[in-house]
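The values are calculated or read from the model by the stated rules, or taken from the named source; none is laboratory data. The shown structure was predicted, so the numbers you read here are calculated from the model rather than taken from an experiment. Glycine gets a Cβ as well: all are built from the backbone with ideal geometry, and neighbour counts include every protein chain shown. In case anyone asks, the SASA skips ligands and DNA or RNA and just uses the protein heavy atoms, side chains included. Shrake-Rupley method; radii C 1.70, N 1.55, O 1.52, S 1.80 Å.
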Amino acid sequence: METQKTLEAGKVWLIGAGPGDPDLLTVKAARLIAQVDVLVFDHLVGDGIMDLARADARRARGDPRAHGA
């Protein structure tokens, strides 16, 4: 017997990280990053921006380069 999980509806926010400097993010972008449950990022996002996320937030690389494309 197969069990299916029901997922809760959520929100997705797309945040442009610009040149990767956390000081150049908008206040709203920094606030959203600090609240996320899952952070999907690419190779342009530096450690300073990643450090804004909660320690327990899941991180997923969404960069096509990470998949050999």
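Of these, Val12, Val45, which one is assigned to a loop (DSSP other than H, G, I, E, B), without any contact (Cβ under 8 Å) to a residue 12 or more places away in the chain and under 12 Å from the mean Cα position of the chain (by Cα)?
Val12
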Verdict on Leu52 being open to solvent by less than 70 Å² (accessible area, probe 1.4 Å), assigned to a strand (DSSP E or B) and free of Cβ contacts under 8 Å to residues at least 40 places away in the same chain: no
Which numbered condition Ala29 misses (of (1) out of contact with any Leu (no Cβ under 6 Å at 6 or more places or on another chain); (2) part of a loop (DSSP other than H, G, I, E, B)): (2)
Residue in region 15-32 that is open to solvent by 60 Å² or more (accessible area, probe 1.4 Å) and touching a strand residue (DSSP E or B) at 6+ places or on another chain (Cβ under 7 Å) present: no
